[in-house]
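One structure below.
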Amino acid sequence: MVRAYPCPGRLALAAAAAMALAGCGGGKFRPVADVPVRIGPPYMVRGTTYTPAADPGYDMLGYATWYGNESGNRTANGERFQTGWATAAHRTLPLPSYVEVTALDTGKRILLRVNDRGPFGEQARIIDLSRGAAERLGVRNKGKAAVRVRVVQPSEADRKALREGREPRGLPPVSGRALRNLQDQFARGVGPR
């Protein structure tokens, strides 16, 4: 009896296809993961061109808004949008990125995972928060809130919690003096950068 063995190229192709299908979770959504990190090419929205780039020193003051009606939709990096999770949208940071967001009225700080693009329109809006993130930051009842957003590298435990939709470790609020300094910078229209 003669056995026919498939050629190695076909086996590799079949294995790659099987892994790709397994990673899809049975649908059109990418699994929640930190790799690959996607920067992406420049893109245009409403006549404005945005150029994504790695920016490990990103530290800006501006406004945060929140969105939540898109639950179940696909985020810009292909994941399913979960409105209750601590996620955010940013115009140019790599996807995913991790940021610390500070509410400038209270000094409260939280960690978020950026997995979507936005906000578009008003340039003073620098981040869109999921409903869950807005609740954790204490700004859900506001249309927009003054914030500081800075890129951070949280612990793997915090990253894992955010990837799973759980709350990471709590961060202490910004000290009174540092908060007053941030508020003054915001009022003058300058940022920590």
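Yes or no, residue by residue, for (1) aliphatic (A, V, I, L, M); (2) at negative phi; (3) part of a strand (DSSP E or B); (4) at pLDDT below 95:
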| residue | (1), (2), (3), (4) |
| --- | --- |
| Thr92 | no, yes, no, no |
| Val99 | yes, yes, yes, no |
| Gly107 | no, no, no, no |
| Leu111 | yes, yes, yes, no |
| Arg159 | no, yes, no, no |
| Leu162 | yes, yes, no, no |
| Arg177 | no, yes, no, no |
| Arg180 | no, yes, no, no |
Inset, instruction - Would you point out the residue of segment 70-90, among those that are among the charged types (D, E, K, R) and assigned to a strand (DSSP E or B), that is surrounded by the fewest Cβ atoms within 10 Å (Cβ to Cβ)? - result: Arg74
Inset, instruction - Restrict the check to segment 107-118 and report whether at least one residue is in contact with a strand residue (DSSP E or B) (Cβ under 9 Å, 6 or more places away or on another chain), polar (S, T, N, Q), surrounded by fewer than 20 Cβ atoms within 10 Å (Cβ to Cβ) and in contact (Cβ under 8 Å) with a residue 12 or more places away in the chain. - result: no
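Counting just the residues of segment 32-61 that are of a type in the set (A, V, I, L, M) and not in a loop (DSSP other than H, G, I, E, B), which one comes out surrounded by the fewest Cβ atoms within 10 Å (Cβ to Cβ)?
Met44
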Inset, instruction - Just give me the residues in segment 119-130 being in a loop (DSSP other than H, G, I, E, B) and surrounded by fewer than 21 Cβ atoms within 10 Å (Cβ to Cβ), in sequence order. - result: Phe120, Gly121, Glu122, Gln123, Ala124
Inset, instruction - Find all pairs meeting these conditions: Cβ atoms under 6 angstrom apart; at least six residues apart or on different chains; first residue within segment 128-140 and touching a residue at least 60 places away in the same chain (Cβ under 8 Å); second residue in a helix (DSSP H, G or I). - result: Arg140/Ala134
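Look through Arg148, Arg159 and report the one residue that is touching a residue at least 60 places away in the same chain (Cβ under 8 Å), buried (at least 18 other Cβ atoms within 10 Å of the Cβ), touching a strand residue (DSSP E or B) at 6+ places or on another chain (Cβ under 9 Å) and not hydrophobic (A, V, I, L, M, F, W, C).
Arg148
The values are calculated or read from the model by the stated rules, or taken from the named source; none is laboratory data. Only a predicted model underlies this, so the values are computations on that prediction, with no experimental measurement involved. Ideal geometry is used to build each Cβ from the backbone, glycine not excepted, and the neighbour counts take in all protein chains shown.
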